[in-house]
1. Filter the stretch A:71-91 down to residues that are within 14 Å of residue A:14 (Cα to Cα) and either out of contact with any Leu (no Cβ under 8 Å at 6 or more places or on another chain) or not in a helix (DSSP H, G or I) (or both), then give me how many there are.
2. Hey, residue A:199 hits all of (1) in a helix (DSSP H, G or I); (2) under 24 Å from residue A:95 (Cα atoms) but one; which does it fall short on?
3. When you look at residue A:184, is it farther than 19 Å from residue A:15 by Cβ, away from chain B (no Cβ under 14 Å), without any contact (Cβ under 8 Å) to a residue 12 or more places away in the chain and of a type outside the set (Gly, Ala, Ser), yes or no?
4. Taking residue A:212 and the conditions (1) within 14 Å of chain B (Cβ to nearest Cβ); (2) farther than 16 Å from residue B:10 by Cα, which numbered condition does it fall short on, given that it satisfies the others?
5. Could you check residue A:185 against (1) out of contact with any helix residue (DSSP H, G or I) (no Cβ under 8 Å at 6 or more places or on another chain); (2) part of a strand (DSSP E or B) and say which number it fails?
6. Surrounded by 15 or more Cβ atoms within 10 Å (Cβ to Cβ) and on the phi > 0 side of the Ramachandran plot - does that describe any residue in the stretch A:133-145?
7. Tell me which residues, restricted to the stretch B:60-76, are within 14 Å of residue B:49 (Cα to Cα) and either modelled with pLDDT of 95 or more or not in a loop (DSSP other than H, G, I, E, B) (or both).
8. Return the total of residues in the stretch B:2-14 being more than 14 Å from residue B:39 (Cβ to Cβ) and more than 9 Å from chain A (Cβ to nearest Cβ).
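The values are calculated or read from the model by the stated rules, or taken from the named source; none is laboratory data. Just so you know, these numbers come straight off a predicted model, no measurement behind them. Glycine also receives a Cβ, built like all others from the backbone with ideal geometry; neighbour counts cover every protein chain displayed.
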Amino acid sequence: MRKTVSAPTMHLRVLDRVIAVEFGARDQFFAEMHRLWGHMQVAPTEECAETVPMNWDTDRNLGESLSLATHEITYAAIRAGKGRLVLLHAGAVANPETGATLVCVARGGTGKTTLTRRLGQRFGYLSDETVAITQNGRVLPYPKPLSIREPGQDVKRETPPGDLGLVPAPEECWLQSILYLDRDSRHEGVTFTELDLLTALGVITAETSSLGSLPAGLRAIADLVAATRPIRLCEYSESADLTEVLAGELGGAT
Amino acid sequence: MIVTRARFSDFLVVGDESGVLLNSRFIHLGQIATAVVQAAEVPVSITHLADVLEQRFGRPASLDLDAAVLGVVKELVAEGVLTEVVDGE
């Protein structure tokens, strides 16, 4: 009788769903994926939202494959939240005692990872790229490996949050406030400007995923804002300065 | 010209202004455009829209109201917020 051999698989909790990541072989890539994503691994479950195949056949080197894997898993996370969650291109950290969460929305390449990495030394790390919020204000974790650009390297290095000393997020996290980050090296200090709702929606909408699939998506964001505080534009040049200001705002952790 | 709202994902009115979500594109509408979109929930003519705007904001002293409304409507059609209703639709 022929024995069926199932593909090597990791089950990851992304947001509030489980996805299966399927590999072609138990090779170095598979081992590295365990090192990078092991903190999000859960026991195999029948209720997988999706199976994400990683058994692509290419000549990519290991670093490129790991980077691509992060993108694929993030896309799966977005698909898992599509039509039911507010999905923002953002970093987020939470007060480890209260779960109060600060969401920092920003365009790509404008400092989300750097800021999240700094704040994550003291506050619970939720994500450096994709933040999902339920319509009642719960912030769902997606503590992916951080993609860090190193001098002289084209491909960002994927790094598990534990290796960077990031604090795990508490079980329940809830939205305290949303910031829209604008980093400008000419800016002096840190400036906050409260945005009226429509102006805020204008800037935030550009940094959402699948908002058009969420029933009454604008209303969903408006309700979150109404329940917390106005979205603020945060202009800064140095993430170290901003880290201290935001740490004071989140409070608690030292 | 008869127009009505396009199929947008969401329309949120805040005070006299509003925002429209077209797939993932956000368009911020001022008070005149908001009033037009509110009135165009069902197919409406330019003349009807001009009446609605005159009732709400008064008649502008030195402006051809119908021409001004037509200009706003054409802009909203170009942005994909309104759509022209052709015969048989």
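1. So the answer is 9.
2. (2)
3. no
4. If we test residue A:212 against (1) within 14 Å of chain B (Cβ to nearest Cβ); (2) farther than 16 Å from residue B:10 by Cα, just (2) comes out false.
5. (2)
6. Checking the stretch A:133-145: at least one residue is surrounded by 15 or more Cβ atoms within 10 Å (Cβ to Cβ) and on the phi > 0 side of the Ramachandran plot.
7. Those that are within 14 Å of residue B:49 (Cα to Cα) and either modelled with pLDDT of 95 or more or not in a loop (DSSP other than H, G, I, E, B) (or both): B:65, B:66, B:67, B:68, B:69, B:70, B:71, B:72, B:73, B:74, B:76.
8. Looking only at that region, the number is 2.
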